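A short worksheet on the structure shown next.
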Amino acid sequence: MLKLAAVIEWWRFDEEFSQYHSEHKGRPAIPIRRLVGLLILKAYESLSDESVVLAYKRNPYYQAFCGEREFQRVPGCSSTELVHFRQRIGEAGAQLIFAESVRVHGRYGEEAEVHIDSTVQEKNITYPTDSKLAIKIINRLSKLAKPRG
């Protein structure tokens with residue numbers, strides 16, 4: 001985590017996303033590095049928003065990755081703040097984070113082949129509990145029963 005944090009160009013995110021933070025309105029903003037770091041960790045570890053916030057609270061390496069100098073015993077933000085940040089940066093912001101991830105990983109970030117798990121895609125399967133299957137069976141049995149009286 002610490003080696004990865006050292007090679008990420010965090011200033012890119014500060015430049016791009018600082019427009020979404022106001023120094024003079026409302027409560028103090030959550031640091032951009034923390035929010036971007038949590039989004040990177042969320043994707044890296046395949047965690048939910050709630051899980052990554054909880055892991056940040058428990059893991060000093062996550063906190064160091066997100067720019068903390070000392071261990072904090074409080075969550076870095078709430079899970080809803082991550083949702084709001086994602087909505088604010090939009091697709092362009094997500095692409096910027098992804099581009100930085102590819103840059104950091106170099107040639108390992110660009111695969112010639114991509115493997116996709118399609119087990120969650122819908123398939124053209126009729127299940128025994130479908131009503132259309134029951135109607136089909138009734139119609140077929142009616143055709144068989146008519147000649148036999």
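In this Cβ point-charge picture (+1 for Lys and Arg, -1 for Asp and Glu), segment 2-108 has a dipole of about 220 debye about its Cα centre.
The GNM of the chain, with springs linking C-alpha atoms under 10 angstrom apart, assigns the highest mean-square fluctuation among Ser101, Ser79, Ser22 to Ser22. Once mean projected area of the Cα convex hull in nm² is worked out from the coordinates, which option in (1) 13.3; (2) 15.5; (3) 10.1 does it equal? So the structure-derived entry is (2). For the options Pro28, Pro60, Pro75, a Gaussian network treatment of the chain with springs between C-alpha atoms closer than 10 Å singles out Pro28 as fluctuating the most.
Can you give me the pair-distance distribution of segment 2-41, C-alpha pairs, 5 Å bins, whole percents? Per 5 Å bin, starting at zero, the Cα-Cα P(r) for segment 2-41 comes out as 5, 21, 30, 23, 13, 6, 2, 0 percent. Rounded to the nearest 500 deg cm²/dmol, what is the calculated helix-only ellipticity per residue at 222 nm for the chain, with -39500 (n - 2.57) per DSSP H run of length n ≥ 4? Helix-only estimate at 222 nm: -18000 deg cm²/dmol.
Read-outs throughout are calculated quantities, based only on the coordinates presented, and are distinct from any laboratory measurement. Everything quoted here is computed from the prediction, not taken from an experiment. Cβ: placed from backbone, ideal geometry, glycine included. Neighbour counts: every protein chain shown.
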